[in-house]
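Undergrad: This structure is in structure tokens; I'll ask about it shortly.
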Amino acid sequence: METIHSITEKTKALFTGANTAEFNEQAKGAMEKSAKMAEDFVAFGKGNVEALVESSKIAAKNVEALGQEAADYAKTSFESATEAAKTLAAAKSPTEFMKLQSDYARTAFDAMIAEGSRSTERMLKMFGEFAQPISNRVAVATDKMKISA
């Protein structure tokens, strides 16, 4: 069983002489490593915030463009409907009226389908664009996990 004197001597030896230098070097190395890890963590968090901001900017720009396209389509549709109404009002017979109405319905339907396809394509592109910055950050995180593992 160790005596108090023996424990005291071992403790003194730990904090004096060659042991102190070794202890200080280990402590310094641990502090530097901790500081580097904290620095990396802050940089990673900053990168994540920047990716979210970039993603939000892309989404906002695309939503604005979608809104403008929808407004343009609504304006064009209204103008086409107004023109069709004028044409229908000038029809000279029920047969001519039915033909003009059928032609307008077909044209309006085709335009609606084309606009729907454009909108769908635009939205898919938009989702890909605004997800890209976040996807890049996920790749960085995955690489960091591989390195640390």
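Undergrad: Rolling a 1.4 Å sphere over the protein heavy atoms, what is the accessible area per residue of the chain, to the nearest Å²?
TA: On the way: 11630 Å² over 149 residues.
That works out to 78 Å² for each residue.
Undergrad: Leaving out same-chain residues fewer than 8 places away, which lysines sit with a Cα under 22 Å from that of residue 146?
TA: Candidates past the 8-residue exclusion: 33, 36, 46.
Undergrad: Same structure again: Rounded to the nearest 0.05, what FRET efficiency do residue 66 and residue 134 give with R0 = 22 Å and r taken as the Cβ-Cβ distance? Could you check?
TA: The pair residue 66/residue 134 has a calculated efficiency of 0.65.
Undergrad: With N set to the number of residues, divide the alpha-carbon radius of gyration of segment 48-89 by 2.2 N^0.38 Å and report two decimals.
TA: Rounded to two decimals, the normalised Rg is 1.99.
Undergrad: May I pose another question? Mean separation of Cα pairs under 8 Å and 6+ residues apart, divided by the residue count of the chain: what relative contact order is that in percent?
TA: Relative contact order here is 36 percent.
Undergrad: Give me the percent of the accessible area of the chain that comes from carbon and sulfur atoms, probe 1.4 Å, all protein chains in place.
TA: 66
Undergrad: Please compute, over every Cα-Cα pair in segment 102-149, the percentage with a separation greater than 16 angstrom.
TA: Result: 63 percent of Cα pairs exceed 16 Å.
Undergrad: Name the aspartates and glutamates eligible as straight-distance cross-link partners of residue 57: C-alpha to C-alpha under 14 Å, and not fewer than 8 places from it in the same chain.
TA: Output for residue 57: 129.
Undergrad: Now, a different point. Taking only the alpha-carbon positions of segment 1-136 and ignoring solvent, what does the Debye formula give for the base-10 log of I(q)/I(0) at q = 0.12, 0.22 Å⁻¹?
TA: Taking Cα atoms of segment 1-136 as identical point scatterers yields -0.77, -1.20.
Undergrad: Turning to a different aspect of this structure: In whole angstrom, note down how far apart the Cα centers of segment 63-84 and segment 125-146 are.
TA: The distance from the Cα centre of segment 63-84 to that of segment 125-146 comes to 35 Å.
The values are calculated or read from the model by the stated rules, or taken from the named source; none is laboratory data. Just so it is clear, the model here is predicted, and its values are computed rather than measured. Here Cβ is always computed from backbone atoms with ideal geometry, including for glycine, and neighbour counts include all displayed protein chains. To get the accessible areas, we keep the full protein, side chains included, count just its heavy atoms, and leave off ligands, DNA and RNA. Shrake-Rupley method; radii C 1.70, N 1.55, O 1.52, S 1.80 Å.
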